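Undergrad: My questions will all concern the structure given below.
The values are calculated or read from the model by the stated rules, or taken from the named source; none is laboratory data. Here the structure is a predicted model, which is why all the values come from computation and not from measurement. Cβ: placed from backbone, ideal geometry, glycine included. Neighbour counts: every protein chain shown.
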Amino acid sequence: MTPAVAVTSPRRLWRHGVIGTMWLVGCFAATYLAMAYDYTPGRVGQRLTLWPTETESSSPAALIHHPDQTTVLAFLHPRCVCTRATVQQLVRTLAAHPGAVAIASVFVPLDVSDQPAWEESDYVKTIRTEVPGARMVFDRGGVQAQRFGAFTSGTILVYDRQGREIFRGGITDRRGGERENPGLQQLALTLTEGRGPQAEPTPVFGCPITASDDELWQGPGATP
Amino acid sequence: MTTPRAEAIFRSDLQKVILRTDRMFFWLLIGQWLFGIAIALVWSPRTWIAQYWSIHQHVIAAAVLGALIMAYPLYLIIRRPSTPYTRHVIAVGQMLQSALLVHVTGGRIETHFHVFGSLALLAFYRDWPVLITASAVVYLDHLALGIWFPLSVYGVPAATIWRSVEHAFWVVFEVVFLVMACRKGVEELRALAERQVQVEEAKEALEAVQAQVVASERLAAIGQLAAGISHDLRTPLATMNNIAYFLKTKLQPQDQELADQVVLLTREIERMKAIANDILDFARPRPPVRTPLDMTRVLQEAVEMVTADAAGHRVRLTTRFGSGQAMVLGEHTQLLRAFANLLRNAVQATPADGQIIVTCARDEGRITTAVQDTGMGMDAETQAKLFQPLFTTKAQGIGLGLVNVKRIVEAHEGTIHVTSEPGHGSTFTVGLPSAPKEAMSHV
C-alpha cells in the first residue's frame with residue numbers, strides 16, 4: 001500500500017467526487033434491480049367462483065373437493081428454492097388450524113428422466129412429515145395448475161365446505177421470505193373465520209410452474 | 001496541555017490505527033463478498049421455470065453486485081489508505097454489503113445483525129463521522145426500500161415514511177454509544193501519547209544521570225590518583241621552596257640575572273603548590289570548621305594576596321566594604337582560598353588598565369560579596385559550564401579552581417552565581433548567611 005496522500009487538489013477532489021457518485025448510483029441501481037427480482041410477484045390466475053369439476057375423478061392426480069370440509073390447496077414447484085418459505089409458512093398455519101384438509105399439488109414435468117427425484121424432494125418430505133393427513137398430488141405437466149389458474153409456485157387456494165373459493169394468493173413476503181405478510185394474515189383469518197372471498201388475491205412470490213413466452217425473463221418486473 | 005511531541009505521537013498512533021482498520025476492511029470486504037457468493041450458492045443456486053433452470057439471481061447479485069460494492073473501497077484502500085475519504089467510502093461499501101447479505105439470505109431477520117456488527121467494526125477507526133455516513137446509508141436504504149418495497153422492511157404493502165424513523169432509531173441508539181466509544185478511544189490514545197512522552201523524558205533524564213554517574217566515577221578515580229600524586233608532591237615542593245629561599249639569601253647585588261631566575265622559580269613553585277592544593281581540595285573535600293569571622297578581613301587578606309599579581313598586570317583593585325564588620329560562620333582558610341581564587345581569576349581575565357571592584361554588603365541576614373571585573377566577559381555557553389570539573393578557558397588552568405570555590409561556598413550554606421557579557425566583564429556574587437547572634441556572643 002502506498003503512503004497516505006490527502007485528496008486535496010481540486011482536480012483530484014472533482015475526479016473522486018465523480019467516481020464516487022457513479023459508484024454510489026451504480027450500487028443503488030443494482031441493489032434496486034436485485035430487490036425488484038425478489039419483490040416482483042408471479043402470475044396469479046383469475047379467482048374461481050367454485051371448485052372446478054374434475055373430468056377424471058378416478059385418476060391419482062385428480063383434485064377432488066372434500067364436501068363439508070375447508071380445503072387448502074397448495075401448488076408447489078418442488079425444486080424452486082422459494083417453495084421452502086411457502087411450505088414453512090403453510091406448516092405453521094395448518095398446525096394452528098387443524099380443521100382444514102390440506103392438498104399439495106406438486107408439479108412434476110413430463111418427459112424427464114428423474115421423475116422420482118422430483119416427487120421425493122425435501123419439500124414433499126416436509127409436508128408428509130409435518131402436516132398430518134395432507135394429501136400429495138403429483139401434477140404431471142402442470143395440468144391441475146393450469147386448471148386452477150395457479151401459475152406460480154406458492155399459490156395457495158382455499159375452498160369452503162360448499163366448494164366456494166374464499167382465498168387465493170401467496171403467503172410469503174418475497175421470494176423465499178418467511179416474515180409476516182398480508183397473505184399469511186389473510187389465510188389465517190380465512191381459516192379462522194371462514195370468511196371470503198377476499199377483495200384481491202395476495203401476491204405470490206415463486207417460480208413459474210408453467211413455461212410460456214410471456215414468462216420469459218425480461219428484466220425487473222417480469223418473472224423468470 | 002498537549003506538548004508538540006505528544007501531539008506528534010498521538011497523530012502517528014491514530015494514523016496507525018486507521019491504516020490497520022483500512023487493512024482489516026480490505027480483507028473483510030473480500031471475505032464478505034466470497035461469503036455472500038457461498039451463501040447464495042448453498043441456499044438458492046438455481047431458479048426454475050417449469051422444468052428449465054438457470055443460475056439464481058441471488059448468485060449473480062452476490063457475485064456481480066458484491067464485486068461492484070467492494071471495488072471502489074478496495075481501490076481506495078490500495079491507492080489512498082488512511083484518508084478520511086477512503087474510510088467514508090468504506091463505510092458506505094460495508095453498509096451496502098450488509099444490505100446485499102440481507103438480500104441473498106432472503107431477508108432473514110438474523111442477517112440484519114450484520115448491520116449492527118458493521119457499525120461496531122467501523123468504530124475501530126475512532127472517527128465518529130464515519131458512523132454518521134454509515135448510518136445515513138442504512139437510513140437511505142430503509143427509506144428507499146420503504147418507498148419501493150415496503151414489504152421488505154415493514155411487512156405491509158404500504159407504510160408511511162415515519163416507519164423508517166422507527167428503524168433508524170435503533171441504529172441511532174447503537175451509534176450514540178459507538179460515537180462515545182470513539183471519542184473515548186481518541187482520548188485514551190492522546191493520554192497514551194502523553195504518557196509515552198513522560199516515559200521518554202524520564203528515560204532521557206535517567207540516561208543523563210547515568211552518564212553523569214559514570215563520569216563522576218571516572219573523575220573520582222582520576223581524582224584519587226591525582227590527589228595521591230599531589231600529596232606526595234608537597235614534600236619535594238617544600239624542599240624546593242626552601243632551596244629557592246636559601247639561594248635568595250645567598251645572592252649578591254651583582255647576581256641580578258640569577259635573582260630573576262630565583263623569582264621565577266619561586267613563582268612556579270607557588271603555582272605548583274596551588275595546583276596540588278586544588279586537586280587535593282577537589283578529590284578529598286572536607287567539611288569546614290566554622291567559627292565566627294569577619295568577611296571584610298578575609299576579603300582584605302585575599303586582596304593583599306593578589307595585589308602584587310594585579311600590579312604586574314596593571315589592573316587596579318578597589319574595595320568597597322562599607323563600615324563595620326560582616327560576620328559569618330566559616331572556616332578562614334577555606335574562605336580565604338575561595339576568594340583569592342576568584343580574585344586571581346579576575347586579574348587574569350582583566351586586560352591592562354582594567355579594574356576589579358570587590359564589594360561586601362550586609363542585607364537581611366546575608367553577607368553578599370561581589371567580585372566585579374572589566375575583563376573580556378563570557379558567553380552563555382561558557383557560563384553554563386563554568387562550575388563543571390575540568391572545564392577551563394585558561395591555557396594553563398586545570399579546571400578545578402571554580403569547582404572548589406563553589407563547593408566551599410555551598411559547604412558554608414552559601415550561593416554563588418555569575419553574570420557576564422562578552423566584552424563587558426563579569427561579576428561573581430557570593431552570598432553567605434550572617435552569623436547568628438548566639439554564635440556572636442561566644443566571640
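Undergrad: Can you name the residue in the range A:187-213 that is touching a residue at least 60 places away in the same chain (Cβ under 8 Å) and farther than 21 Å from A:Ala36 by Cα and, of all such residues, is surrounded by the fewest Cβ atoms within 10 Å (Cβ to Cβ)?
TA: So, considering only residues that are touching a residue at least 60 places away in the same chain (Cβ under 8 Å) and farther than 21 Å from A:Ala36 by Cα, the one surrounded by the fewest Cβ atoms within 10 Å (Cβ to Cβ) is A:Thr192.
Undergrad: Let me ask another. Can you name every one of the strands (runs of 3 or more DSSP E) wholly within the range B:329-443 that holds 2 or more residues which are in contact with a Pro (Cβ under 9 Å, 6 or more places away or on another chain), aromatic (Phe, Trp, Tyr) and crowded, with 18+ Cβ neighbours inside 10 Å?
TA: Details: elements: B:355-363, B:366-373, B:415-420, B:426-433.
Strands (runs of 3 or more DSSP E) meeting the threshold: none at all.
Undergrad: With the structure loaded, tell me whether B:Val289 is β-branched (Val, Ile, Thr) and surrounded by fewer than 17 Cβ atoms within 10 Å (Cβ to Cβ) or whether it fails that test.
TA: In short, yes.
Undergrad: Suppose the filter is on the phi > 0 side of the Ramachandran plot, crowded, with 16+ Cβ neighbours inside 10 Å and within 14 Å of chain B (Cβ to nearest Cβ); does A:Gly183 pass it? So that I can check it myself, show each step before the final result.
TA: Values: on the phi > 0 side of the Ramachandran plot: no; crowded, with 16+ Cβ neighbours inside 10 Å: yes; within 14 Å of chain B (Cβ to nearest Cβ): yes.
No: the conditions fail for A:Gly183.
Undergrad: Would you please list the contacts, defined by Cβ atoms under 6 Å and residues six or more apart or on different chains, that run from a residue in the range B:229-251 that is on the phi < 0 side of the Ramachandran plot to a residue that is among the charged types (D, E, K, R) and surrounded by 12 or more Cβ atoms within 10 Å (Cβ to Cβ)?
TA: B:Leu237/B:Lys273
Undergrad: Inside the range B:45-63, can you point out the residues that are of a type in the set (Ser, Thr, Tyr) and in contact with a strand residue (DSSP E or B) (Cβ under 8 Å, 6 or more places away or on another chain)?
TA: Result: B:Thr47, B:Ser54.
Undergrad: Can we say A:Leu94 is closer than 23 Å to A:Thr210 by Cα and crowded, with 17+ Cβ neighbours inside 10 Å?
TA: So A:Leu94 fails the test.
Undergrad: Taking the range B:231-279, which residues are under 17 Å from B:Ala340 (Cα atoms) and touching a Ser or Thr at 6+ places or on another chain (Cβ under 9 Å)?
TA: B:Ile275, B:Ala276, B:Asn277, B:Asp278, B:Ile279
Undergrad: Pick from the range A:138-174 the residues that are among the hydrophobic types (A, V, I, L, M, F, W, C) and out of contact with any helix residue (DSSP H, G or I) (no Cβ under 7 Å at 6 or more places or on another chain): which of them is modelled with the lowest pLDDT?
TA: Restricting to residues being among the hydrophobic types (A, V, I, L, M, F, W, C) and out of contact with any helix residue (DSSP H, G or I) (no Cβ under 7 Å at 6 or more places or on another chain), the top hit is A:Val143.
Undergrad: Please determine whether any residue of the range B:373-388 is closer than 26 Å to B:Pro292 by Cβ and in the same structural domain as B:His313 (by TED's automatic domain parsing).
TA: For the range B:373-388, residues closer than 26 Å to B:Pro292 by Cβ and in the same structural domain as B:His313 (by TED's automatic domain parsing): absent.
Undergrad: I'd like to verify a number: residues in the range A:153-171 that are more than 9 Å from chain B (Cβ to nearest Cβ) and part of a loop (DSSP other than H, G, I, E, B), how many?
TA: Total satisfying the criteria: 7.
Undergrad: Could you identify the single residue in B:Val306, B:Val262 that is more than 44 Å from the chain's Cα centre (by Cα), among the β-branched types (Val, Ile, Thr), surrounded by 14 or more Cβ atoms within 10 Å (Cβ to Cβ) and under 21 Å from B:Lys394 (Cα atoms)?
TA: B:Val306
Undergrad: Going through the range B:1-50 one residue at a time, which ones are in contact with a Gly (Cβ under 8 Å, 6 or more places away or on another chain), closer than 30 Å to A:Thr152 by Cα and in contact (Cβ under 8 Å) with a residue 40 or more places away in the chain?
TA: Correct list: B:Gly36, B:Trp43, B:Ser44.
Undergrad: I've got another one for you. Considering (1) within 15 Å of the chain's Cα centre (by Cα); (2) touching a residue at least 60 places away in the same chain (Cβ under 8 Å); (3) at negative phi, say which one A:Tyr123 fails and leave the rest.
TA: For A:Tyr123, the exception is condition (2).
Undergrad: Examine the range B:329-344 for a residue that is touching a residue at least 60 places away in the same chain (Cβ under 8 Å) and over 25 Å from B:Ser230 (Cα atoms), and state whether such a residue exists.
TA: Among the residues of the range B:329-344, at least one is touching a residue at least 60 places away in the same chain (Cβ under 8 Å) and over 25 Å from B:Ser230 (Cα atoms), which makes the answer yes.
Undergrad: May I pose another question? At pLDDT 95 or above and either within 12 Å of chain A (Cβ to nearest Cβ) or touching a His at 6+ places or on another chain (Cβ under 6 Å) (or both): is that true of B:Val104 in this structure?
TA: Judged against the criteria, B:Val104 is not a match.
Here's the yes/no breakdown for (1) buried (at least 24 other Cβ atoms within 10 Å of the Cβ); (2) more than 11 Å from chain A (Cβ to nearest Cβ); (3) more than 23 Å from A:Pro78 (Cα to Cα):
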site: B:Pro45; (1), (2), (3): no, no, no
site: B:Trp48; (1), (2), (3): yes, no, no
site: B:Gln51; (1), (2), (3): no, no, no
site: B:Ala63; (1), (2), (3): no, yes, yes
site: B:Ala71; (1), (2), (3): no, no, yes
site: B:Ile78; (1), (2), (3): no, no, yes
site: B:Thr86; (1), (2), (3): yes, no, yes
site: B:Leu121; (1), (2), (3): no, yes, yes
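Undergrad: Residue under question is B:Ala168, and the condition is that it be under 28 Å from B:Thr2 (Cα atoms), touching a residue at least 12 places away in the same chain (Cβ under 8 Å) and surrounded by 14 or more Cβ atoms within 10 Å (Cβ to Cβ); does it hold? Give the steps one after another, and end with the answer.
TA: Numbers: under 28 Å from B:Thr2 (Cα atoms): no; touching a residue at least 12 places away in the same chain (Cβ under 8 Å): yes; surrounded by 14 or more Cβ atoms within 10 Å (Cβ to Cβ): yes.
No.
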